[in-house]
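Below is one structure; the comments refer to it alone.
Coordinate-derived values only; no laboratory data. A quick note: this is a predicted structure, and the numbers were derived from the prediction, not measured. In this analysis, Cβ positions are derived from the backbone assuming ideal geometry, glycine residues included, and neighbour counts consider all displayed protein chains.
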Amino acid sequence: MSQTTSQKRYTPAAITFIVAQVVLISTVVALPLIRSAKLQRETRLPEFHNAPREIRPTYNDPRVVTDDQLAMVLHKLRPQLRQEKPKINYVDHALRFWGADAEFKDQQCLSGQEMRQMLLDHRSFSSFWGDDAKSLVYSHPDEDRIAVRTQAGNATASHVDHTLATLAEVGTPLDYPVIAPDRETDVEAILRQALRVFSVNQQEYEWTTLAWALYATDGQPWYSHEGQEVTFDRLARRIMRQDLEQGVCFGNHRLYTLTILLRVDEEQDILSDAARSEVLDHLMDATQRLVATQSVEGWWDSNWPNGKPLDAEQRMDALSRRMLATGHALEWWAMAPAELHPPREVLARAGQWLVRELEQMDQAKIDKTYTFLTHVGRALALWRGDFPADLLRKLPEVNNEHL
């Protein structure tokens, strides 16, 4: 019996062609929708407060450092950076140490406002570095976005988003002006660009996390340019996933960021209960390792996470390593909940060792290791219950006798 038109059979080749056309048409129709959804995820950034949260120290223990000792420390670590081409990572660290309101009688010192202007106003930057230096704040050539030049020499920041985190920690509002060579914008533009290009798997992420925590209005997630959902839980677990000794400054910056996440969480509930518990356990483990590896004199070294003998070849000399490790440990403990603290004698030994070594240190050594020493000075100030610039005004010994 003959076939009707409706009963016509298609050859395998014809069927393959038809299927291919359907797939092609579906793809053409779906691609704009997929791209639109992806774009929405990419541009869905968190909401921000204009003024960052201020996380204050809550302890005041003169056993760690006395008033007279702290006055000596602050005097020796004042920011004598009024010179041609001061290293930007020195200015960045000094601003974080002293704060934006710091002022000094020593004319060789930059004020907090001058340091912040050097980082954010190209006119100020070029007055120190010259017109030939590439600008610190710059516009992307193909995008209407602003960023801080990083890891490209002495005229740039030393770590990804370290400058942004510094600005947050010293209370810089997001509408604070930023002057690039070709445009005027504000700090919020730097923050938004940092989050646009952020990757959970980038090499350094602790300072981006810190800045977001201080400016965020809540713990709502956002999406990275890779389409990953980013939450404080995810970032906390990413930080804890690495071995303790990994990362700059012997892993201490990650411990500090986790500590600040705990403090912000007390105000805003940015962490789940499970993640908060994991962070507390992680930091308690770090505390226990530090207690077990503290020297009789009071210092720690780069091997604090495991207590293993040090390699013969070390990037820094022993004193620099020990000042770095000890100062950073005291700094994150100064901001941590008391339940994470070691016994008070551990803190006192560490503080007193730092004071003794710093008192003997000459200016050449201070200049060489200034970025490390800003953490020492800030940690000791925090253990007296305030920020360094406030102590300048509150302590007569510091204000009148030493500075």
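Under the criterion of Cα pairs below 8 Å and six or more residues apart, the relative contact order for the chain equals 23 percent. All other residues whose Cβ lies under 12 angstrom from that of Gly385 are scored, Lys and Arg at +1 and Asp and Glu at -1, for a net of -1. Less than 5 angstrom separates the built amide H of Val230 from those of Trp222, Tyr223, Ser224, all sequence-distant by 5 or more or on a different chain. Coupling constants for region 126-138 follow from the phi torsions by the Karplus curve (6.51 cos²θ - 1.76 cosθ + 1.60, θ = phi - 60°), and in residue order they are 5, 5, 9, 9, x, 6, 7, 6, 5, 5, 6, 9, 8 Hz; glycine and proline get x.
Sorting 86-94, 59-67, 299-307, 196-204 by their mean Cβ neighbour count within 10 Å, with the most densely packed peptide first, gives 86-94, 299-307, 59-67, 196-204. Normalising the average separation of contacting C-alpha pairs (under 8 angstrom, six or more residues apart) by the number of residues puts the relative contact order of region 192-332 at 23 percent. Look at Glu331, Glu54 and count the other Cβ atoms within 10 Å of each Cβ; fewest to most, that gives Glu54, Glu331.
Listed by chain and number, the aspartates and glutamates placed with their C-alpha closer than 18 angstrom to that of Lys85 are Glu114, Asp121, Asp131, Asp132, Asp367; residues fewer than eight positions away on the same chain are left out. Helix content alone sets the calculated 222 nm mean residue ellipticity of the chain: runs of n ≥ 4 DSSP H residues at -39500 (n - 2.57) each, divided across all residues, give -16000 deg cm²/dmol. In terms of its Cα atoms, region 120-262 spans 43, 31, 29 Å along the principal axes, sorted from long to short. Backbone geometry of region 190-205 corresponds, through the Karplus equation with coefficients 6.51, -1.76 and 1.60 at θ = phi - 60°, to 3J(HN,Hα) couplings of 5, 4, 5, 5, 4, 6, 4, 9, 5, 10, 4, 9, 6, 5, 10, 9 Hz, x marking Gly and Pro. Backbone amide hydrogens, once placed in the peptide plane, bring Phe48 within less than 5 Å of Thr217, excluding anything fewer than 5 places away on its chain. Less than 5 angstrom separates the built amide H of Val178 from those of Thr185, Asp186, Val187, all sequence-distant by 5 or more or on a different chain.
Computed from backbone phi, the HN-Hα couplings of region 372-378 come to 5, 5, 4, 5, 4, x, 5 Hz, rounded to whole numbers (Karplus: 6.51 cos²θ - 1.76 cosθ + 1.60, θ = phi - 60°; Gly and Pro given as x). Here are labelled values, [x] 14; [y] 20; [z] 9, and one is the computed percent of Cα pairs over 42 Å apart for what I pasted. Which one? So the structure-derived entry is [y]. Within the shell defined by Cβ-Cβ distances under 15 Å, the residues around Val279 carry a net charge of -3, with Lys and Arg each +1 and Asp and Glu each -1.
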